Amino acid sequence: MRDKVRMVRKGRIVEVADAGPTETLLDYLRLRERACGTKEGCNEGDCGACTVAVGEVGPDGRITYRPVNSCIQFVGQVDGKEVVTVEDLAEGGTLHPVQQAMVDHHGSQCGFCTPGIVMSLFALYHDEARGTAPTRTTIDEWLAGNLCRCTGYRPIVDAARAVLAGPPDDQFTRAEAETAGLLQYLNDRSDLFVGNQDAFFAAPRSIASLAALYERHPDATLVAGATDVGLWITKQFRPVAKLIHLGRVEDLDRIEDVGNAVIIGATATYEKALDALDAIDQDIASLIKRIGSRQVRASGTVGGNVANGSPIGDTPPVLIALGATLELVRGETGRAIPIEDFFIDYGKQDRRPGEFVAGLLVPKLALGQVFRAYKISKRFDQDISAVLGAFLFTIENGVIRDARVAFGGMAGVPKRATTVEAKLIGAVPAQASSWHDAFEAMAEDFTPLTDMRASAHYRLETARALLAKALVEAAGASSERTRLIGRRTAAETEVAHVGAGE
Ligand SMILES: Cc1cc2nc3c(=O)[nH]c(=O)nc-3n(C[C@H](O)[C@H](O)[C@H](O)COP(=O)(O)OP(=O)(O)OC[C@H]3O[C@@H](n4cnc5c(N)ncnc54)[C@H](O)[C@@H]3O)c2cc1C
Ligand code: FES
Ligand code: FES
């Protein structure tokens with residue numbers, strides 16, 4: 001058992017013996033280190049002013065940097081990782097290439113957002129997959145979680161394009177082997193437990209020690225990426241004395257192809273799960289790329305999205321429509337349930353004291369199945385859904401033989417539209433008149449609420465429109481997708497930007 005959080009800062013190992021269970025990384029940096037270049041803007045993961053880069057070493061000895069919102073990351077979560085802030089980039093009197101590009105292209109005015117933007121671009125600068133000359137779409141996607149209210153994005157994008165034209169070459173690439181050695185040393189097998197039995201931050205290393213610890217402390221709060229739990233602390237000021245972080249548990253983040261299904265471990269981040277879910281259907285990947293921002297997707301997990309039980313979480317309707325199974329573990333016993341049964345009522349899930357989500361079994365599409373999912377929100381990026389519809393049709397000879405239809409934002413829980421499903425059996429996607437009853441039935445399945453995101457009327461009509469879109473697309477080839485609502489291909493986005501006189 002280890003009782004200190006350890007991380008790499010500026011090429012050295014730093015130990016934090018008294019990390020509070022919910023002390024944020026931002027507070028640690030600003031209040032303890034006095035590293036005040038990292039800014040606090042919204043304190044809820046939206047603006048990106050607090051972005052830092054978190055480095056992790058892979059089995060190949062290479063370090064991957066991810067942009068993280070330090071305002072909603074607890075300091076214990078970066079145990080075993082490297083933390084890079086804007087202060088660490090310049091060498092002597094020479095700015096880092098990303099910083100120099102921002103100066104050269106006039107990418108900063110008041111400067112409040114600038115450290116966060118620089119850190120997002122630093123992570124992209126080091127991203128192996130970016131290639132040279134990344135597209136505008138890629139740059140936009142990496143900057144979607146960094147809000148600038150005064151410069152405007154054109155000069156920032158110009159700076160990004162200039163600095164990303166070549167491979168990374170900075171003090172971090174030169175020190176990579178040495179830093180990797182430190183990170184490998186930190187990656188020990190021991191459980192982490194900072195505090196006492198009444199108040200602690202714990203990060204078990206194995207499923208068995210997690211299960212034992214949570215059984216002993218069923219009143220503890222579990223945290224995976226903290227993109228929900230972080231806000232409980234910074235916005236709702238909830239008292240959380242005992243925190244169990246799942247991020248160090250070996251294999252809990254596994255992604256495994258098991259033939260006709262994919263296992264997504266509970267702590268697999270959106271970023272990690274993306275390719276496996278994309279392989280099931282491209283709509284799932286399109287949807288995931290619209291969850292929060294790069295920062296949110298680098299920390300947030302599919303397991304957290306499900307366990308949270310929110311009626312407006314983006315993945316539950318998709319997983320319900322696909323017929324996924326949820327694996328739960330308590331102590332030495334496990335059980336598996338259809339994911340739809342997990343969501344009992346608003347704020348109430350089928351999870352017993354001391355029980356945690358271990359993973360999901362997500363079936364792949366069978367022959368003759370067509371899947372579609374659409375997210376409707378006020379903004380394209382960084383916004384919570386008003387309505388999300390997910391559809392799985394099994395079609396034989398042009399006729400629907402089976403249908404699974406699930407919505408988010410339409411009830412107190414993510415929920416199947418069972419009456420609609422029943423009316424779809426025997427319908428012909430190519431004949432709109434054959435769906436009429438299913439359309440009408442939407443009002444039997446849902447009585448949605450009016451709130452700040454949408455009115456009840458809008459929600460009901462939108463749910464019907466999404467059903468129509470899915471059916472129209474199902475009537476064509478399964479790969480043909482319409483552009484009625486909420487979809488833009490990468491190529492179309494490029495054209496739109498060029499057309500805007502960029
Ligand atoms: C700026 C911003 C934008 C966002 N945008 C979106 C969006 O577009 N769509 C969307 O759906 N969500 C969005 N979210 C919400 C959030 O990112 C997701 O719900 C995310 O999936 C939560 O995962 P996490 O790992 O961060 O969960 P955490 O915050 O760590 O945990 C969430 C909940 O699940 C519990 N929990 C976590 N793991 C387990 C487990 N294995 N077993 C049992 N309980 C567990 C926790 O105790 C907590 O109750 C956004 C959040 C932010 C801050
Ligand atoms: S302060 Fe706004 S995202 Fe952290
Ligand atoms: S430079 Fe002022 S907010 Fe971006």
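Find, among the trypsin sites (Lys or Arg not before Pro) in the range 308-383, those assigned to loop by DSSP (not H, G, I, E, B) with at most 11 other beta-carbon atoms within 10 angstrom.
K378, R379
Hey, what angle do you get for helix 153-163 against the long axis of the chain, alpha-carbon based, 0 to 90 degrees rounded to 10?
60 degrees
Ordered by packing density, taken as the mean number of other Cβ atoms within 10 Å over each peptide's residues, highest first, how do 156-162, 197-203, 44-50 rank?
Going from most to least packed, we get 44-50, 156-162, 197-203.
Alpha carbon centre of the range 299-345 versus the range 141-201: separation in Å?
First find each Cα centre; the distance between them is then 30 Å.
If you line up the long axis of helix 270-280 against the longest principal axis of the chain, both from Cα atoms, how many degrees apart are they, to the nearest 10?
Compared with the principal axis, the helix lies near 30 degrees.
Convert each backbone phi in the range 16-24 into a coupling constant with the Karplus relation 6.51 cos²θ - 1.76 cosθ + 1.60 (shift: θ = phi - 60°), then list the ³J(HN,Hα) values in order as whole Hz, x for Gly and Pro.
10, 7, 10, 4, x, x, 10, 5, 7
From the helices alone, meaning DSSP H stretches of at least four residues, give me the mean residue ellipticity at 222 nm for the chain, per-run term -39500 (n - 2.57), in deg cm²/dmol to the nearest 500.
Taken over the chain, the calculation gives -9000 deg cm²/dmol.
Based on the alpha-carbon set only, what is the convex hull volume of the range 183-311 divided per residue, in Å³?
Per-residue hull volume (Cα only) is 145 Å³.
Spelling out what I want: for every residue of the range 450-466, take phi, set θ = phi - 60°, compute 6.51 cos²θ - 1.76 cosθ + 1.60 (Karplus), and round to whole Hz; glycine and proline get x.
Each residue of the range 450-466 in turn: 9, 8, 5, 7, 5, 7, 4, 5, 4, 4, 5, 5, 5, 4, 5, 4, 5 Hz.
Using just the alpha carbons, could you tell me how many Å³ per residue the convex hull of the range 370-475 encloses?
So the per-residue Cα hull volume is 87 Å³.
Any chance you could give the angle, 0 to 90 degrees and rounded to 10, that helix 436-445 forms with the longest Cα principal axis of the chain?
It is inclined by approximately 60 degrees.
Can you list, largest first and rounded to whole Å, the semi-axes you get for the chain by taking the square root of 5 times each eigenvalue of its Cα gyration tensor?
39, 29, 20
Translational D (Stokes-Einstein, µm²/s) of the range 7-112 at 10 °C and 1.306 mPa s when Rh comes from the Kirkwood sum over C-alpha pairs?
107 µm²/s
Could you pull out the pairs from K39/K272; K10/K39; K235/K415; K235/K378; K375/K423; K289/K423 whose alpha carbons sit more than 25 Å apart here?
K39/K272; K235/K415; K289/K423
Please give me, ordered by residue number, the GluC sites (Glu not before Pro) of the range 231-304 that lie in loop per DSSP and have at most 14 other Cβ atoms within 10 Å.
For GluC sites (Glu not before Pro) across the range 231-304 that sit outside H, G, I, E and B with at most 14 neighbouring Cβ atoms in 10 Å, the list reads E250.
Check each of the chymotrypsin sites (Phe, Trp or Tyr not before Pro) in the range 329-390 and keep only those in coil by DSSP with at most 11 other C-beta atoms within 10 angstrom; list them in order.
For chymotrypsin sites (Phe, Trp or Tyr not before Pro) across the range 329-390 that sit outside H, G, I, E and B with at most 11 neighbouring Cβ atoms in 10 Å, the list reads Y346.
Quick note: the coordinates plus some simple rules give every number you see, no bench work behind them. Fair warning: this is a prediction, and the values are worked out from it, not measured in the lab. Reconstructed Cβ throughout: ideal geometry from the backbone, glycine too, with neighbour counts over all protein chains shown.
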